[in-house]
Each structure stands twice: as structure tokens, then as C-alpha cells.
Amino acid sequence: MTIDEIQQEIIENFSGFEDWMDKYGLLIELGNELVPIDPKYKVDSNLIRGCQSRVWLHQEFKDGIITFEAESDALIVKGLVALLLKIYSNRTPHEILASEPRFIDEIGLRHHLSPTRSNGLLAMVKQMKLYALAYEKISTKNN
Amino acid sequence: MTLDISKIRADFPILHQQVNGKPLIYFDNAATTQRPQQVIDRENEFSLKINGNIHRATHYLANKTTEAYENSREILRNFINAAETAEVLFTHGTTESINLVAHSFGEAFINAGDEVIISEMEHHANIVPWQMMCARRGAKIVVLPFSNDGILKINLLDQLITDKTRILAVTHVSNSLGTVNPIAELINRAHLKNIPVLVDGAQGAPHYTIDVQKLDCDFYAFSGHKMYASTGIGVLYGKRKWLDQMPPFLGGGEMIDKVTFSKTTYNELPYKFEAGTPHYIGAIGFAAAIDYSTNLDSSQIHHHECNLLSHATSLLKNIEGLTIYGEAPEKAGVISFNIAGVHPFDLGTLLNQMGIAVRTGRLCADPVMDHFGVENMVRASFALYNTSEEIEAFYTALVRLKAMF
């Protein structure tokens, strides 16, 4: 599936809920299901610090593909992290750079990405894009 | 006669709205309180008809504004019972007030090797300005700790005070733990050793009658926006004997006497410390807010706020896994807590979805978080317009949310 197809699927999953609490219920479920980050990567150098919740992000680059692992200490953020991983992990740098996480806006969670919420999520998206940019440059150079 | 809360609520237009489809329950009063119509009207009147820069011109608008600004200073003076209006400085708020003292008192009285005592439960605004000053002057911070129930270990004060101690800076009421500190006793103990005392009154002035002469504090700092006035306006009370000896904090207009390129002489108190055009409309609104709250029966407000706190405390204690931080016998309307297994950010997000506004995070008090070994807390804080029904709705929401995790 392309990034866009996955985003569309997520948007449809969330649009099935009328009540906001159910949307958050789904995020909590996704957060609970997220495979925990390998403890050896849950270190300060991988920490994206927000004022209220923290996100750890680890990446690996192999055969032109970036794989991300991530986790948060807050469950709702963890649910959003799970969605971001679904979209951006196991992708080429080009795919990552070419796509914005529009699902967040479309499922009505835009305020979670505002800088003032300081929950580390916006910084996580930025960080993933920065990795993609760096690896894209390395790949181009090597070619 | 008991306090008619519904009548009070009618004065606060902002409370009558829905948030996320639910009636707003506003429990973030320790961060900022809402403004009554009386304050809004007074400020609007000045914006609409009377605005003129104070102390600078002879025209009608400037005269009217100057008169109202100075009259506001008198209302504030009376509110804290300062000996004279010259001791009542308008600032941007508690943070600026404390920065002013840390800077100017530091310049005048603090030297290399000297010590400043602050408490472990201070808001960052009563830590960082002192650290900045200490870094400049080569002085150091000494910390008066609190016990696990959130009570200052005031008996340690005597041994912390040395011949190097220059000032004690302590909060009246903790913004995170709600503890009401025995400031009269702290001041008394410090004065016995000739140490002046600054009281951070940001959370104290909204809930207690302040008599700076009776307390005999050397400085008392507080903010308008935590007591039903606008943001950007606050007060620093300082004893004349200190203010006279302290150099100005900021330079600019209003604070000068005569300027030449070789030398400037400074204006008298309080203007020496009020550089630039002050937030005079805010000051006028602040006085209106003081008029508003002093027109109510203060003992009944206090009784009402105590009831809200004890009602909330006893309900929250029914929730399994809920820890309350700060259980001093004397507490103001602040209740900080965590629920085991639930991140404060998640709780705050979901409460917001239910129309309930609380504070979550580190509460501008990292050392308090470190004391309890937690990253964050949830804080509910109450004001005179809150009701028991709101507390019950909050409790019901917490029970429902806890089950989601």
C-alpha cells in the first residue's frame, strides 16, 4: 500500500466513530498494541522531548529503506505514534519526504500537532523527515 | 447570608459556554482566573473613551488616565495595607516583580560568596531570577526543603541561615502542592537574623487577606491575572528602605529625573522602577478586580473555596491508584495528583474532550516533580465561581476515564 492509501484507510477507520471519546478509545487501543521500542533504543539520544509527554524514535537505513521504531510515555501520543509508524516506516526517503501526515488533520486531531501542545509529536514528524532528507542525500551521493 | 454562587457566576461571561459540546468546567485557576464583567467593562471604558499616556501630557485624556492609574495604585496599596503608595510598584506580573528584586537587590546587596535561600517548592519564577543573579554576582542558592506531605521544614531555616545569607525568597502558597506556608513565622525567624524576605504571592494574594505591615515582609509580589484581572499587570510591594537603596531595574522613560549624555538621575519611588509606558489599562482593571472581590464577603469566599477543596479531596481519594501530592493541613484550592497507569497528558486531553479544563505537565516546578519522582502531574485549581456540582462532574469524569486505560 502507498502512504496515501494507508492514510485513507486510517481516515476511514476514524470516521466510523461519532463520539470523540470513541476516537480516543481507538487511539488508546492502537497505543496499547504498539510493539515497544527495544529498550536499548529508549535512551536520551533518541528522546524527543515535549513539555508534557516524551517520544523516543530510533531508525535504521538498509537497502534504501528507512525503518522506524518509536514509543511514547503517554498512551494517546503512543496511538498517534503507531499511526505515524504505519505510514512512514519501511519507506524510501523519497516517499517520506513527498508525503505530509494529512490524516492527523482529517481525523480532527490537528491540535495535537500544534507547537504549543509540545507533546513531541510535531517534533517526531520533523525528525523522521530530517532522517529521510539525510539518507536521501547519502543515497544520491553514493549513486 | 451565604455566598450566592450563581449570582457570582453570572458576572463571568466566559463561564457560560460549551467546550466540545459540554458545559465548560474551568479548573485551571492557579494558571489564570477569568474576569468578571465589571473588570471587562472598566477596561473597555478606558479603551473606548479615555486612553492617554500617563504622567506625560496636559491634555484631558492623559490626565484622566493618570488619575485612574494612580487611583488604582491607591486601591492596591489599601488592599495590601502598604504604608505608602510609593511602595507599590506596578509590574508585568509576579515574574517581573521577582526579577526586579533579584536584579536590583542583587546589584546593591549581593556579592561573591553570598547566599540566597529559596524553598524546594518554588515556582520557576522564584528560582531562575535568583540563579541568574547568583551567576552574575558569584553568589549561591541554598534550598529549604519540604517533607513528603508538602510541608516546609521551617525548623531547618535557622541552620541554613549563615553570615553569608542575604535574602530569603519563599512562596506564600505553593502553585503545585497548594501548601499555605507560615510566612509570618518564616519572616519572623529570618528577621531575627536580619535577613530580609521576599514573598511570592502569586497564589497567596488571590486567596488570603494580605497585610504587608503586619506580616512585616520586605517584598511581596503578585499578579493581576490570577485574581480576576488581566494578564500583563502585577504588583511588587517593597519596603521603602530597600527600594531607596536599590538601583533601577530597567531604564527608559518615566523612571528618570534628568538625562544628559554623561549622567542620568532617577525619579522618585515608585516611578524609579516603572520604566516605559506601563500597562495602565491593566492596572485600572486590576483595581476594578480588587473592588469586585473585596465587595464580596472574604470569609465566605474563603469558606467556599475550602469546601471545594475538601469536597474534591475526599471524592478523589475514592479513586483507586490516585495519589494526591501535597497534603498540608493548610492548603489553598489546588489539588495535584496522578492516577497510576494513566499519563497526565492523556488525562488532560480526555478531560478537555469532556469540557473540563485542568493543568497537566510539570507545573513550572521541576524540583517538585523531582521530589516526588514523577515526570508530570494533573492539577485542578479552584476559584470563587466554581461549584460542588462541577467537582462531582469532574470526579465522575475521572472514574469514567480511568476505566478506559
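Take each peptide in B:360-372, A:12-24, A:67-79, count the other Cβ atoms within 10 Å of every residue, and average; sorted highest first, the result is A:67-79, B:360-372, A:12-24. Between the Cα long axis of helix A:75-88 and the first principal axis of chain A there is an angle of about 40°, rounded to the nearest 10. Mean-square fluctuations from a GNM of chain B, with a 10 angstrom spring cutoff on Cα atoms, peak among B:Asp114, B:Asp200, B:Asp218 at B:Asp114. If you take the Cα centroid of region B:1-78 and the Cα centroid of region A:34-93, the two points sit 47 Å apart. Estimated from the Cβ-Cβ distance and a Förster radius of 45 angstrom, the FRET efficiency linking B:Asn71 and B:Ser310 is about 0.70. Sequence-ordered 3J(HN,Hα) estimates for region A:22-38 from the Karplus curve with 6.51, -1.76 and 1.60 and θ = phi - 60° stand at 5, 4, 5, x, 5, 4, 5, 4, 4, x, 5, 7, 4, 5, x, 5, 4 Hz, glycine and proline given as x. Counting, for every residue in A:22-28, the Cβ atoms of other protein chains within 10 Å of its Cβ and taking the mean gives 2. The angle between the Cα long axis of helix B:388-402 and the longest principal axis of the Cα atoms of chain B comes to about 60 degrees, rounded to the nearest 10. For B:Lys64, a cut-off of 29 angstrom between C-alpha atoms picks up these lysines, skipping any fewer than 8 places away in its own chain: B:Lys49, B:Lys226, B:Lys239, B:Lys258, B:Lys272. The angle between the Cα long axis of helix B:94-109 and the main principal axis of chain B comes to about 40°, on a 0 to 90 degree scale.
Can you pull out the GluC sites (Glu not before Pro) in region B:310-353 that DSSP calls coil and that have at most 11 other Cβ atoms within 10 Å?
Those that pass, being in a loop and sparsely packed, are B:Glu320.
Place a point 7 Å from the Cα of B:Ile301 along the Cα-to-Cβ direction; which residues of region B:5-35 have their backbone N under 20 Å from it? The answer is B:5-16, B:26-35, whose backbone nitrogens lie closer than 20 Å to the label point. For chain A, the convex hull drawn through the C-alpha positions has a volume of 109 cubic angstrom per residue.
The value of relative contact order for chain B, using C-alpha pairs under 8 Å at least six residues apart, is 23 percent. Volume per residue for region B:40-294 equals 119 cubic angstrom (convex hull of Cα atoms).
Values in this text are rule-based calculations from the coordinates and carry no lab data. Just so it is clear, the model here is predicted, and its values are computed rather than measured. Heads up, the Cβs are rebuilt from the backbone with ideal geometry, glycines too, and the neighbour counts pull from every protein chain shown.
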